[in-house]
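Accompanying notes for the structure given below.
The values are calculated or read from the model by the stated rules, or taken from the named source; none is laboratory data. Note that the structure is predicted; figures quoted are calculated from it, not measured. Here Cβ is always computed from backbone atoms with ideal geometry, including for glycine, and neighbour counts include all displayed protein chains. We work out accessible area using only protein heavy atoms, side chains counted, and drop any ligands, DNA or RNA first. Shrake-Rupley method; radii C 1.70, N 1.55, O 1.52, S 1.80 Å.
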Amino acid sequence: MFLPHQRRINIQKCEKQLSLAASYAATQPRVKDAESRLAARKKDVADQWNRVQQMISGRQLEEATSELENLNRFSYLLPNLAAEKERVRRLRVDSFLDQAGKEVAAQKWDAAMEAYSAALRLDAGNTEATRGIDSARREKEGSTAFLQARNAFQAKGYQVAYDAVQKALAVFPTRQPYQELARQIGADWSKVLLEEARGLSANTEGLKENQRAMEKL
């Protein structure tokens, strides 16, 4: 009997065949050779399992997942395979959630949403990831509008600044920096509009201009 050279062999079946062959001719060279190669193949599986454990310890979780999938065809030799795959999946979920928390702390909203989404792909019912995506999306919306308002205000683009800060306040109405910027924009823009209205009101011929100035005021 010859042990197949193909990589995808059924070690369990080969062991049974070898046992039967050995019962007839235990010292036959071909049987001994097949037993040796089968033992080497079983060692390869054990070595692969050990490499997976090292990957997990080194937090190489994606690589470990791939290696565990490759071991599926040897599940009859690895009774803990299913449990180990589940353990690695949970570790990956926790890793993505931890990464998302770091991105939130750094106010990197897109990166945070990406990490939360990765956790959801592995655990569709994860409420922390679902809430995290919603929170990061709102933070991005509010902070983007706030920055636009601040930049426009510094450039004296009062209309743009006003509209943008209102968007920011619509997301976070009680956030103090947003409220303060809205007050500053209102105070400065009111002064500008008042000066425009005073200048135009002296021109009795420019009724349309006066009307527009009063509407702005």
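What to note about this one:
- Qualifying residue in segment 167-180 (condition: in a loop (DSSP other than H, G, I, E, B), of a type in the set (A, V, I, L, M, F, W, C), in contact (Cβ under 8 Å) with a residue 12 or more places away in the chain and surrounded by 15 or more Cβ atoms within 10 Å (Cβ to Cβ)): yes
- Within segment 61-78, not a single residue is within 28 Å of A168 (Cα to Cα) and in contact with a Phe, Trp or Tyr (Cβ under 7 Å, 6 or more places away or on another chain).
- Looking across segment 50-68, the residues that are farther than 18 Å from A118 by Cβ and open to solvent by 50 Å² or more (accessible area, probe 1.4 Å) come down to N50, R51, Q53, Q54, S57.
- Qualifying residue in segment 38-47 (condition: at pLDDT 90 or above, loosely packed, with under 14 Cβ neighbours inside 10 Å and charged (D, E, K, R)): no
- In this structure, A136 does not satisfy being at pLDDT 95 or above and closer than 24 Å to Q60 by Cα.
- Subset of segment 95-111 that is open to solvent by less than 70 Å² (accessible area, probe 1.4 Å) and not hydrophobic (A, V, I, L, M, F, W, C) - its residue that is nearest to T130 (Cα to Cα): G101
- A count restricted to segment 144-203 and to residues that are of a type in the set (F, W, Y) and more than 25 Å from K108 (Cβ to Cβ) stands at 3.
- Output for segment 73-88, where each listed residue is exposed (fewer than 15 other Cβ atoms within 10 Å of the Cβ) and basic (K, R): R73, R87
- Check on D123, open to solvent by 90 Å² or more (accessible area, probe 1.4 Å) and at pLDDT 95 or above: no
- Residue under evaluation L193, criteria (1) under 19 Å from A152 (Cα atoms); (2) open to solvent by 50 Å² or more (accessible area, probe 1.4 Å); (3) modelled with pLDDT of 65 or more, criterion not met: (2)
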